[in-house]
1. Expressed in nm to one decimal, what extension gain is obtained for the pair Asn33 and His123 from 0.36 nm per residue of sequence separation less their Cα-Cα distance?
2. Give the separation of the Cα centroids, region 100-138 to region 41-70, in Å.
3. ³J(HN,Hα) across region 52-62 via Karplus (A = 6.51, B = -1.76, C = 1.60, θ = phi - 60°), whole Hz, x for Gly/Pro?
4. Set the Förster distance to 22 Å, then compute FRET efficiency between Thr98 and Asp78 from the Cβ-Cβ distance, nearest 0.05.
5. What does the charge count around Leu79 come to, taking other residues whose C-beta lies under 10 Å from its C-beta (Lys +1, Arg +1, Asp -1, Glu -1)?
6. Taking the Cβ of Ala39 as the centre, find all other residues whose Cβ is under 10 Å away and add up their charges (Lys, Arg: +1; Asp, Glu: -1).
7. For region 34-80, give the percent of accessible area contributed by carbon and sulfur heavy atoms, probe 1.4 Å, rounded to a whole number.
8. At a 10 angstrom cut-off on C-beta neighbours, averaged per residue, how do the peptides 48-56, 79-87 rank from highest to lowest?
Amino acid sequence: FHRGELFAAVADMDIFDDMDERFCETPLAAAGNIAGVFADCNLAADALTTLRTNCRKAHLPLAIDAVSLAKSQRLGNDLTGIRLLCLNRDEAMALAGTDRSDQAVAALRRRGAQAVTVGEGRHGVKAGDETGIFTLTMPQTEVANVSGAGDALAGRHAQRAAHEVEIL
């Protein structure tokens, strides 16, 4: 870390080349008694589709983190089978084709995602589920390091979704 910020990171992204649709079938069937599945758009589009289909068949909640603007496109138009979709503002705007986060939440829900969270940094989170669309405000604070903030938000919401607790 450099002055409280992540300075550099290394990841072996080649691992995702082996996580194809066949990979997404086998572990899900062998996972035993699980409460839900959390995935991200580092997976290929076909793998994400397989995962959605298999989670639906197994009646397992599926949470997906968009990861990046480019990778969020792997979700395609049909978001059916996604219990929770976590994105940042740029990813949501691009995927929904709008420049307003509340409209993006509504559009992504119409395309099949049951709940959507759009992280907007210091402006909080725009979120929506079957009860409506609302804003979760960010408390006034001095932020020392934003690394992992989106991951922590997505993880907490995914955990609540897996246990069928009110997500938002």
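1. Result for the pair: 28.6 nm of gain on full extension.
2. 19
3. With the stated coefficients, region 52-62 comes to 4, 4, 5, 5, 4, 4, 8, 6, 10, x, 10 Hz.
4. That pair, Thr98 with Asp78, gives E of 0.75.
5. Counting the neighbours of Leu79, the net charge comes to +3.
6. Here the count lands on -1.
7. Carbon plus sulfur share of accessible area: 54 percent.
8. Most protected by this proxy first, the peptides run 79-87, 48-56.
The values are calculated or read from the model by the stated rules, or taken from the named source; none is laboratory data. As the structure is a computational prediction, the values presented were derived from the model and not from experiment. Backbone-built Cβ (ideal geometry, glycine too); neighbour counts: all protein chains shown. Side chains included, ligands, DNA and RNA excluded: accessible areas come from the protein's heavy atoms. Shrake-Rupley method; radii C 1.70, N 1.55, O 1.52, S 1.80 Å.
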